[in-house]
Amino acid sequence: MNQKLRRAPVLIANRGEIAIRIARTCRALGFPTVAVYSDADRFSEHVKFCDQAFHIGAPAPKESYLNVEKLLEVARLSGAKYVHPGYGFLSERPHFVEACEKAGLVFVGPSAESMRLMGDKITARRTVDELRVPRVPGSAGAVADAKEAARFAAEVGYPVLLKATAGGGGKGMRRVDSEGEISAAFDSAGREALGAFGDGSMYVEKLILEPHHVEIQVFGDGKGRAIHLGERECSIQRRHQKVWEESPAPILETHPDTRHKMFEAAVRVAEHVKYAGAGTFEFIVDGKGNFYFLEMNTRLQVEHPVTEWVTGVDLVAWQLLLAAGELALPSQAPERRGSAIEVRLYAEDPVSFLPAPGPLGAIELPTGAFVRSDSAFTGPGEVSVHYDPMISKVSVWAPTRPQAVDRLRAALDEARVEPPKRADGSRVGSLRTNLSFLRRLTRNEQVIVGDTTTDLIARNPGLIAPPPAEPSLEAALALATFQMLLESEGVEEGASEGGQGSAWQIVARREGARQ
Amino acid sequence: VKQGKIANFEFHWKSFPRGPVGVAQVEVREKGAAQGNLLEVRWRRDADGIWLELPDGVHGFDIQGEAGDDGRPVFQVAERGGAAFWQGLSYFHAGEEQAQAAAGGVKKSARVRAQMPGKILRISVKIGEVVEKGQTLMVMEAMKMENEIRATQSGLIDQVKVSEGQAVETGADLCTIK
């Protein structure tokens, strides 16, 4: 029925998997799509996926995906009426919302006002304090310097966390265990925040032990009514960044009262600020079921597919229909069924978790019943050094959590991500992935039973241990055969190259000469 | 005719494998086993690795090579459709391993390389300094984050090849530890 509708185009002010995910729903609903791209993304999948595409500048985000003037110009040229910001980039910048409105565009998301109220961590704290939502003891505002931070830390007791007021995703954040560390941590986190967000101000809060990260998805109509769409637990993290998200939250299965109170608190705040669209209240829950408000994300989250699986709601469709004035927000929270898990497949080292982007060769992402892969990669290409190095999200649904873990394990075993290779099997570029780490997670006893606190990796060094040294017979035979085939090719090619032999021999000689 | 060795397995090739698809006979001897096992192996080579047909089924492996610290190629082998993988595997021809062991009594220095492009913010060590494995050598800014570069082994800082403020590419040598 939607194919007969003539809707106004949606400008997707983002890139990668989320741009494609938004465009998919736009297509289904009959909204034409407009992509934007930087120099680094000229032939990226999201550009090919949309009906129109406009070049907006250099790879550095501030030259392209953060360039408000350019985006507004594209909206004008393309005839777009709606602007969907996705996540990251301009999705939580109130000045962008205002610029869109001034240009006569509809921003798909909350108002600039509720974004200011809830998106900034310090004003958000004031709001939730007024509404008596518990939160972690923290400094009332940004602290002036390391001395003030230390004074506050002494008050609430170590360990404490230093956090950038403008931060997110673990950037500009440091754990401090004693007074001796606070000065260096304050300086380094402040510098990182200044570089990442253009704002180096920091605040301090008490660190909760045995912490679980649980968040409540809400959706508001912008007129003072909101509903929740259940929770997600994102306790499995590395470098303070989520890598595994699921619903229902295992910690709330043993504390159903806490769940109820968290739903109630999130909806109360969302209604108070007349929140419009999809938003997420992040909480920290300790082992006893006490919960503390952390922050609100005034946008669609990376891990929204988890909620889509258990509620059957297409969150992007709700966002677009609300923007178009066509959404009838249900009066009750949708019924939630079964269990869903999402993991983030990153281009990163599986031991240090440092980003390891680079050229991409073969890629096969899992499919099958109740398996969803959200990715911007379909074949050889490049995981760009300029942006977040996520390759894909892989999510699954099953009637129960144990079945969902089984399904995810099987799905991840199907996945393949390889760097490009020369004819002799030598890798090209620096791409590495956390696939082996994700597979180990699905086999970890604590993960399997749902005992997942945010320090899981520290408690389970086996997750990042090197693989066994002794190969299986099959693996050894595969490599032996592979090697023999290389050598037989080397003999044939050698004649034309003047006896140079394989590329490996050339490398070996060059390395030898360098020593 | 041809002999080689990977980890605990010795291979005695009865016929020389050749071409993208084919069949060959190989005797496999596992260390400590009383006798070898004669296998017929069929393969299909592709861009990322190899498929093998063995008496118990078909096994696929992705293989990627990298130059090791001494220049000899080392391989990562990952089973297709499974979680098993191995790193640092090398194929030694008959006699090669002993020759290397004899020549390689002195441990080579380890090069610390940049894992990604970025900028060196601070260097915390000096040439001649003794470092412990895991100690922070320098801090690099990449992907908008400050990342600590740590020592891959204990030893003496032999060379520092970058300076503070310098931009580096992936794979660039940062320093060497002897």
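The values are calculated or read from the model by the stated rules, or taken from the named source; none is laboratory data. A quick note: this is a predicted structure, and the numbers were derived from the prediction, not measured. When we count neighbours, we look across all protein chains shown, and the Cβ atoms used for this are built from the backbone with ideal geometry, even at glycine. Side chains included, ligands, DNA and RNA excluded: accessible areas come from the protein's heavy atoms. Shrake-Rupley method; radii C 1.70, N 1.55, O 1.52, S 1.80 Å.
If you wrap the Cα atoms of the range A:202-348 in a convex hull and average its projected area over all directions, you get 9.7 nm². Both radii come from the Cα set of the range A:1-97: Rg as radius of gyration, Rh as Kirkwood radius; their ratio Rg/Rh reads 0.95. When only the Cβ of Lys, Arg, Asp and Glu is charged (+1, +1, -1, -1), the dipole of the range A:1-127 relative to its Cα centre reaches about 400 debye. Dipole magnitude for the range A:136-212: about 140 debye, using +1 per Lys or Arg Cβ and -1 per Asp or Glu Cβ, origin at the Cα centre. Over all pairs of different C-alpha atoms in chain B, the reciprocal of the mean inverse distance, the Kirkwood hydrodynamic radius, equals 19.6 Å.
Remark on the range A:329-393: ratio of C-alpha radius of gyration to 2.2 N^0.38 Å is 1.49. With R₀ set to 41 Å, the beta-carbon distance separating B:Asp173 from A:Arg6 gives a calculated FRET efficiency near 0.10.
Let me test this: with uniform point scatterers at the alpha carbons of the range A:406-461, what is the Debye-based log₁₀ I(q)/I(0) at q = 0.16, 0.27, 0.30, 0.31 1/Å? Debye output, listed in q order: -0.63, -1.08, -1.19, -1.23.
The convex hull of the Cα atoms of the range A:301-451, projected and averaged over all directions, covers 11.3 nm².
Ignoring any ligand, DNA or RNA, what whole percent of the accessible area of chain A comes from carbon and sulfur when the probe is 1.4 angstrom? Within chain A, the accessible surface is 52 percent carbon and sulfur. Based on alpha carbons, the Rg and Dmax found for chain A are 24.5, 81 Å. Rounded to 0.05, the FRET efficiency of the A:Ser331 and A:Val449 pair, given R0 = 45 Å and the Cβ-Cβ distance, is 0.75. Farthest toward the positive end of the dipole of the protein assembly as shown, out of A:Ala340, B:Gln115, A:Ile12, is the Cα of A:Ile12, where the dipole comes from beta carbon charges about the Cα centre. Backbone amide hydrogens, once placed in the peptide plane, bring A:Phe283 within less than 5 Å of A:Val214, A:Glu215, A:Ile216, A:Leu294, excluding anything fewer than 5 places away on its chain. Compared with the dominant principal axis of the Cα atoms in chain A, helix A:256-272 is inclined by about 70°.
Here is the list for the range B:18-79: trypsin sites (Lys or Arg not before Pro) lying in DSSP coil, each with at most 10 other C-beta atoms within 10 angstrom of its C-beta, are B:Lys31. For the range A:316-363, the C-alpha radius of gyration sits at 2.02 times the compact-globule guess of 2.2 N^0.38 Å, with N the residue count. Taking label positions 7 Å along the Cα-Cβ direction at both A:Glu101 and A:Asn460, the computed distance is 4.6 nm, reported to one decimal.
Please figure out what share of the DSSP beta bridges in the protein assembly as shown is antiparallel and state it in percent, rounded to the nearest 5. Bridges in the protein assembly as shown that DSSP calls antiparallel: roughly 90 percent.
Dipole magnitude for the protein assembly as shown: computed about the Cα centre from +1 point charges on Lys and Arg Cβ and -1 point charges on Asp and Glu Cβ, it is near 880 debye.
For the range A:240-304, count all C-alpha to C-alpha pairs, find those more than 15 Å apart, and express that count as a whole percent of the total. Result for the distance tail: 57 percent.
For the protein assembly as shown, the solvent-accessible area works out to 42 Å² per residue, with a probe of 1.4 Å and every protein chain left in place. For trypsin sites (Lys or Arg not before Pro), the sites in the range A:24-99 that DSSP calls loop and that have at most 11 other Cβ atoms within 10 Å are A:Arg42. For a distance above 11 Å, tell me the whole-number percent of Cα pairs in the range B:134-178 that qualify. More than 11 Å apart: 71 percent of the Cα pairs in the range B:134-178.
Across the cross-link table entries A:Lys48/A:Lys70; A:Lys121/A:Lys171; A:Lys206/A:Lys242; A:Lys171/A:Lys393; A:Lys171/B:Lys126, which are compared at the Cα atoms, the separations over 18 Å belong to A:Lys48/A:Lys70; A:Lys206/A:Lys242; A:Lys171/A:Lys393; A:Lys171/B:Lys126.
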